[in-house]
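Trainee: Got a structure for you, written out below as structure tokens; questions coming shortly.
The values are calculated or read from the model by the stated rules, or taken from the named source; none is laboratory data. The shown structure was predicted, so the numbers you read here are calculated from the model rather than taken from an experiment. Glycine gets a Cβ as well: all are built from the backbone with ideal geometry, and neighbour counts include every protein chain shown. Side chains are part of the model used for accessible areas, which takes the heavy atoms of the whole protein and leaves out ligands, DNA and RNA. Shrake-Rupley method; radii C 1.70, N 1.55, O 1.52, S 1.80 Å.
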Amino acid sequence: DLEHLSWLTRLPVPTAFISSAPMPNRVHGDAGRFAELSLRSLARQGCRRIGLIAATSTQTTNPDGTRHEDVRFLDAFVEQAGLCGLTIRDAWIVTSRTAWNRSNPAVSGERFGYEAFLHLWAGATRPDGLVVWTDAEAQGAILAMVEKRVRVPDDLRLVLHKNAEVDMVCPYPATMVVTRADDVARDLLELVEKQFAGEEVQPLSLQFSLQETGR
């Protein structure tokens with residue numbers, strides 16, 4: 001987060017971070033690619049109405065005035081939905097910036113995902129496809145689906161984020177968009193090695209892969 005980065009970036013040694021902050025020595029998720037993989041998967045499954053649960057930052061800009069990474073993610077999601085011919089509505093996009101849930105650092109990702117799904121499912125209209133970012137929010141959303149006896153894939157088709165090394169209990173068939181710790185470690189080390197060699201560094205984007213799961 002920016003509070004810790006304010007002093008970590010001043011360390012007199014090569015550094016590399018997993019961060020959404022606008023800095024050259026960072027590793028970050030490719031928001032556009034995540035949106036593309038998720039929405040194309042749902043379109044292939046026949047979905048037409050798409051929802052999103054994502055615990056994005058309440059910030060819209062970085063301290064230097066640039067657009068925050070999470071805002072670019074939402075922009076990419078809306079753009080990709082249009083390219084895939086999918087319908088999205090504000091009521092189907094639940095983030096920490098939406099009015100019903102003001103940001104609270106004490107709320108866990110699992111709780112956010114749980115409450116977000118209950119809010120979405122109580123709406124007058126519902127999507128037939130849902131994307132959940134990140135894996136913590138996905139676990140909470142899954143619990144809420146079980147509680148509401150949602151039939152997957154009859155009522156809803158799912159695309160969930162997953163870290164490959166972290167187990168996720170999911171009783172539903174779902175498409176997982178997977179990130180791997182090995183990729184993160186490799187990219188962080190590459191940034192540090194380039195700095196030791198006196199080379200200029202640029203941000204590195206994490207790669208995602210799709211994984212289909214059954215019950």
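Trainee: Among the residues in the stretch 63-79, are any at pLDDT below 85 and on the phi > 0 side of the Ramachandran plot? Spell out how you get there, then give the answer.
Mentor: First, pick out the residues of the stretch 63-79 that are at pLDDT below 85: 63-73.
In the following step, the residues that additionally are on the phi > 0 side of the Ramachandran plot were identified as 65.
Yes, the conditions are met somewhere in the stretch 63-79.
Trainee: Looking only at the stretch 128-168, which residues are at pLDDT below 95, more than 29 Å from residue 85 (Cα to Cα) and acidic (Asp, Glu)?
Mentor: 165, 167
Trainee: Applying the selection to the stretch 3-57, what residues are out of contact with any Asp or Glu (no Cβ under 6 Å at 6 or more places or on another chain), in a loop (DSSP other than H, G, I, E, B), hydroxyl-bearing (Ser, Thr, Tyr) and open to solvent by 30 Å² or more (accessible area, probe 1.4 Å)?
Mentor: Matches in the stretch 3-57: 9 only.
Trainee: Considering only residues that are open to solvent by 70 Å² or more (accessible area, probe 1.4 Å) and of a type outside the set (D, E, K, R), which ones fall in the stretch 104-132?
Mentor: Going residue by residue through the stretch 104-132, those that are open to solvent by 70 Å² or more (accessible area, probe 1.4 Å) are 104-106, 110-111, 119, 122, 124, 126.
Passing the criteria: 104, 105, 106, 119, 122, 124.
Trainee: Take residue 212 and decide whether it is buried (at least 16 other Cβ atoms within 10 Å of the Cβ), among the acidic types (Asp, Glu) and at pLDDT below 95. Explain how you work it out, then say what you get.
Mentor: Numbers: buried (at least 16 other Cβ atoms within 10 Å of the Cβ): no; among the acidic types (Asp, Glu): yes; at pLDDT below 95: yes.
In short, no.
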